[in-house]
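Scroll down for the structure; my scribbles are underneath it.
The values are calculated or read from the model by the stated rules, or taken from the named source; none is laboratory data. On a predicted model such as this, the values are computed, not experimentally measured, just so you know. Every residue, glycine as well, gets a Cβ built from its backbone with ideal geometry; the counts of neighbours run over all protein chains shown. When the accessible area is computed, the model is the full protein with side chains, heavy atoms only, and any ligands, DNA or RNA have been set aside. Shrake-Rupley method; radii C 1.70, N 1.55, O 1.52, S 1.80 Å.
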Amino acid sequence: MTASPQGRPGHGLTVALFATCINDTMFPGTPRATVEVLERLGCTVVFPREQTCCGQIFTNTGYFDEAVPSVRTYVKAFGGYDYIVGPSGSCVGAVRDQHPILAQRSGDAGLQREVAQVAPRTLDVSEFIVDVLGVTDVGAYFPHRVTYHPTCHSLRVVKVGDRPYTLLSKVRGLELVELPDARQCCGFGGTFSLKNADVSVAMAADKARNVASTGAEYLVAGDNSCLMNIGGVLSRQNAAVKPIHLIEILAHTEGN
């Protein structure tokens with residue numbers, strides 16, 4: 001994109017990056033790519049250092065009271081921003097869906113008010129690019145055959161819909177092929193994969209088989225946790241399919 005900063009859709013917007021634990025720890029290239037794309041579109045991106053886990057792992061395991069401090073930390077870290085953007089449908093979904101429940105359970109009216117203000121402003125990166133910035137073509141170039149897995153939280157909680165497809169369809173050089181049974185869960189589900197390991201492995205094997213059948217070079221999703229799960233099976237099967245986060249494709253240009 002060659003427009004001046006003033007002509008870019010994100011000019012004048014300050015966005016807080018919600019990196020998420022798994023990305024910060026295991027996939028740092030994903031939040032870096034998020035910053036790269038948002039800055040390319042003219043946004044000013046800041047990283048609130050107070051941020052930590054959104055508390056999803058506590059909530060999913062039934063430790064509701066133990067999750068409340070994570071909610072307090074989240075609203076403190078991100079309360080001053082108009083938009084909070086994260087490259088994870090799972091964690092964004094946890095903030096929007098679970099934080100209001102946890103705040104109400106705490107009985108703290110002040111926390112409930114803060115969550116009511118902050119949670120709706122937390123967006124998946126595909127939502128922010130398409131809905132807030134009004135952009136479908138981010139200037140990306142990725143000359144490869146890819147297939148897209150709509151992760152459960154992205155699809156059913158955040159409801160990103162066809163936004164990722166729309167963004168991928170505008171990437172120059174990219175061939176997007178349909179994934180059979182795309183809406184079927186990959187079996188990760190956070191602690192589900194630990195508590196129900198055999199079922200999880202069977203689900204991941206089904207997903208990996210469908211991915212391999214497309215002949216794609218890359219498997220794309222909006223959650224690195226699910227990509228890690230499916231990618232592990234693909235690796236053990238010696239399948240020539242590489243997992244990659246949606247935003248990392250969008251960060252690619254002809255120059256990199």
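Which residues, counting only those in region 203-256, are within 21 Å of the chain's Cα centre (by Cα), among the hydroxyl-bearing types (S, T, Y) and assigned to a helix (DSSP H, G or I)? S225 - this is the single residue of region 203-256 that is within 21 Å of the chain's Cα centre (by Cα), among the hydroxyl-bearing types (S, T, Y) and assigned to a helix (DSSP H, G or I). For the criterion of being of a type in the set (A, V, I, L, M), surrounded by fewer than 23 Cβ atoms within 10 Å (Cβ to Cβ), touching a residue at least 12 places away in the same chain (Cβ under 8 Å) and out of contact with any Phe, Trp or Tyr (no Cβ under 9 Å at 6 or more places or on another chain), A240 passes. Quickly run through region 70-103 and pick out the residues that are within 15 Å of C21 (Cα to Cα) and more than 18 Å from the chain's Cα centre (by Cα). Selection gives S70, V71, T73, A77.
Residues of region 149-169 that are closer than 18 Å to N210 by Cα, in contact with a strand residue (DSSP E or B) (Cβ under 6 Å, 6 or more places away or on another chain) and either assigned to a helix (DSSP H, G or I) or assigned by TED's automatic domain parsing to the domain that holds F128 (or both): none at all. Criterion first (under 19 Å from F64 (Cβ atoms) and either assigned by TED's automatic domain parsing to the domain that holds N60 or of a type in the set (A, V, I, L, M) (or both)) does Q117 satisfy it? For Q117, the condition - under 19 Å from F64 (Cβ atoms) and either assigned by TED's automatic domain parsing to the domain that holds N60 or of a type in the set (A, V, I, L, M) (or both) - is not met.
Pairing each residue of region 133-155 that is within 23 Å of G93 (Cβ to Cβ) and at pLDDT 95 or above with any residue that is assigned to a helix (DSSP H, G or I) and among the aromatic types (F, W, Y), provided the two are 6+ apart or on different chains, yields C-beta distances under 7 Å for Y148/Y165. All conditions in (1) closer than 19 Å to P31 by Cα; (2) without any contact (Cβ under 8 Å) to a residue 12 or more places away in the chain hold for G62, with the sole exception of (1). Just give me the residues in region 124-166 being over 15 Å from the mean Cα position of the chain (by Cα), open to solvent by less than 30 Å² (accessible area, probe 1.4 Å) and over 20 Å from G187 (Cα atoms), in sequence order. Answer for region 124-166, where residues must be over 15 Å from the mean Cα position of the chain (by Cα), open to solvent by less than 30 Å² (accessible area, probe 1.4 Å) and over 20 Å from G187 (Cα atoms): L133, V135, V138, G139, A140, F142, V146. If we keep just the residues of region 38-69 that are hydroxyl-bearing (S, T, Y) and either more than 19 Å from the chain's Cα centre (by Cα) or within 27 Å of V130 (Cα to Cα) (or both), which is least open to solvent (accessible area, probe 1.4 Å)? For region 38-69, the residue satisfying everything is T61. For A94, the test of being modelled with pLDDT of 95 or more, out of contact with any Leu (no Cβ under 6 Å at 6 or more places or on another chain) and either aromatic (F, W, Y) or surrounded by fewer than 15 Cβ atoms within 10 Å (Cβ to Cβ) (or both) is failed. Number of residues in region 181-209 that are open to solvent by 60 Å² or more (accessible area, probe 1.4 Å) and over 22 Å from T59 (Cβ atoms) equals 6.
Scanning region 196-207 turns up at least one residue that is within 16 Å of V146 (Cα to Cα) and not assigned by TED's automatic domain parsing to the domain that holds D124.
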